[in-house]
Amino acid sequence: MAQIEHFPAQADHSRTSVDTVVARMRAFRSDWPASDGLAVFNRVYLAVTEEIGLRIDCGLFPDARTAATLDVLFAERYLAAVDATSAGRRPPDCWRPLFQYRRHPGVRPLQFALAGINAHIGHDLALAVVDTCHALGCLPADLEGDFDRVGDTLVALEERIREELMPGPDLLEIADPLTHLLGSWSLERARDTAWSAARLLWGLRQLPEYAEEFRERMDAGVGLVGRMLLTPLPGGRHDR
C-alpha cells in the first residue's frame with residue numbers, strides 16, 4: 001500500500017498562502033449555482049477560513065506560522081478533492097456522497113453543509129495535522145493548542161450555520177426527519193475523534209501499510225456517515 005500522502009515541507013505558510021486558498025474558494029461562487037450542494041458547503045467553509053485568517057492577523061494564535069500552516073494544509077485537502085473530481089478522478093470516499101448528491105432536489109441546504117463539514121473534519125483534519133507535523137518538523141502535541149483554537153472557531157461558526165440554514169419552525173416538528181438527522185451528528189465529537197486519529201496516524205508513520213489501512217477505513221466510515229446525512233427528505237429543498 002502507498003504511504004499516507006502529505007505535502008512536502010515548506011519554509012512557511014504565510015498570510016499569502018491563506019489568501020490563496022480563500023481566493024480559490026471565492027472563485028467557486030461564480031462557478032457553481034447557489035443551490036448546488038457543494039456551493040452550500042463552500043460558503044460555509046469560506047466563512048470559516050476567512051474567520052481563522054482574521055484571528056491569525058489579530059494575534060489570537062500565539063504562533064501565527066503554525067496556525068497558518070495547519071489552516072492552509074487543511075484547506076488544501078478540500079481543494080484537492082474538488083480538483084480530483086473536476087479532472088474526472090475519484091475523490092476520497094468521505095467526499096463522494098456530497099459530490100454525488102450535490103444537485104439532488106430532496107436534500108436540504110443544512111444537510112449539504114453538515115455533510116461537507118463531516119468529510120472535512122472526520123477525514124481531512126487528522127491528515128492535515130500529520131501534514132503540518134511533516135511540514136514544520138514538529139509533533140502533534142506541539143499543535144494541540146492551535147488545533148483546539150481552530151476547533152473552537154468551527155464550533156462557533158457551526159451555530160451560525162445552523163441558524164442561517166435551518167428551515168422555519170414549521171418544518172422542525174419532532175416528527176420531521178431533519179430533526180433526527182441534526183441530532184445524529186456532533187462537530188465536537190468529530191473534532192475529538194479527528195485529534196485521536198491524528199495521534200494514531202503519527203504513531204504509525206513508521207508502519208505505512210498499517211497507517212494507510214487505518215486511513216482507508218476512516219475514509220470509508222466518514223463517507224458512510226456523509227451518505228446518511230444526505231438522505232433525501234420529504235418536502236424537497238427549503239432554500240432561505
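Taking helices (runs of 4 or more DSSP H) as the structural unit, those lying wholly within the stretch 21-103 and holding at least 1 residues that are modelled with pLDDT under 95 and at negative phi correspond to 37-57, 64-86. Residues that are under 18 Å from Glu51 (Cβ atoms) and small (Gly, Ala, Ser) within the stretch 124-155 comprise Ala128, Gly145, Gly151, listed in sequence order.
On the given criteria, is Thr179 at pLDDT below 80 and among the polar types (S, T, N, Q)? Give the derivation first.
On the way: at pLDDT below 80: yes; among the polar types (S, T, N, Q): yes.
Taking the combined requirement at face value, the residue satisfies it.
Taking the condition under 10 Å from the mean Cα position of the chain (by Cα) and closer than 14 Å to Met228 by Cα, does Leu114 pass? Taking the combined requirement at face value, the residue satisfies it.
Whenever a residue of the stretch 140-151 is on the phi < 0 side of the Ramachandran plot and assigned to a helix (DSSP H, G or I), its partners that are polar (S, T, N, Q) and at pLDDT below 95, lying with C-beta atoms within less than 8 angstrom and at least six residues away or across chains, give the pairs Asp142/Thr66; Leu143/Thr66; Asp146/Thr66.
Select from the stretch 59-99 the residues that are of a type in the set (Lys, Arg) and farther than 19 Å from Leu230 by Cβ and write down the one among them that is surrounded by the most Cβ atoms within 10 Å (Cβ to Cβ). Within the stretch 59-99, the match that is surrounded by the most Cβ atoms within 10 Å (Cβ to Cβ) is Arg77. Of the residues screened, Phe61 is not one that is in contact (Cβ under 8 Å) with a residue 40 or more places away in the chain and farther than 19 Å from Ala198 by Cβ. Taking the stretch 58-79 as the range and being among the charged types (D, E, K, R) and within 13 Å of the chain's Cα centre (by Cα) as the test, the residues that pass are Asp71, Glu76, Arg77. Can you find a residue in the stretch 85-94 that is over 18 Å from Arg191 (Cα atoms), among the basic types (Lys, Arg) and in contact (Cβ under 8 Å) with a residue 12 or more places away in the chain? The answer is no, given that none of the residues of the stretch 85-94 is over 18 Å from Arg191 (Cα atoms), among the basic types (Lys, Arg) and in contact (Cβ under 8 Å) with a residue 12 or more places away in the chain. Of all residues in the stretch 186-203, those that are within 13 Å of Leu139 (Cα to Cα) have Cβ atoms under 7 Å from Cβ atoms of residues that are charged (D, E, K, R) and in a helix (DSSP H, G or I), 6 or more apart or on another chain, in Leu201/Arg215.
Could you tell me whether Arg149 is surrounded by 14 or more Cβ atoms within 10 Å (Cβ to Cβ) and at pLDDT 95 or above? Here the answer is no, as Arg149 does not meet what is asked.
The values are calculated or read from the model by the stated rules, or taken from the named source; none is laboratory data. What you are looking at is a predicted structure, and each value in this text was computed from that prediction instead of being measured. So basically every Cβ, Gly included, is an ideal-geometry build from the backbone, and we count neighbours across all protein chains shown.
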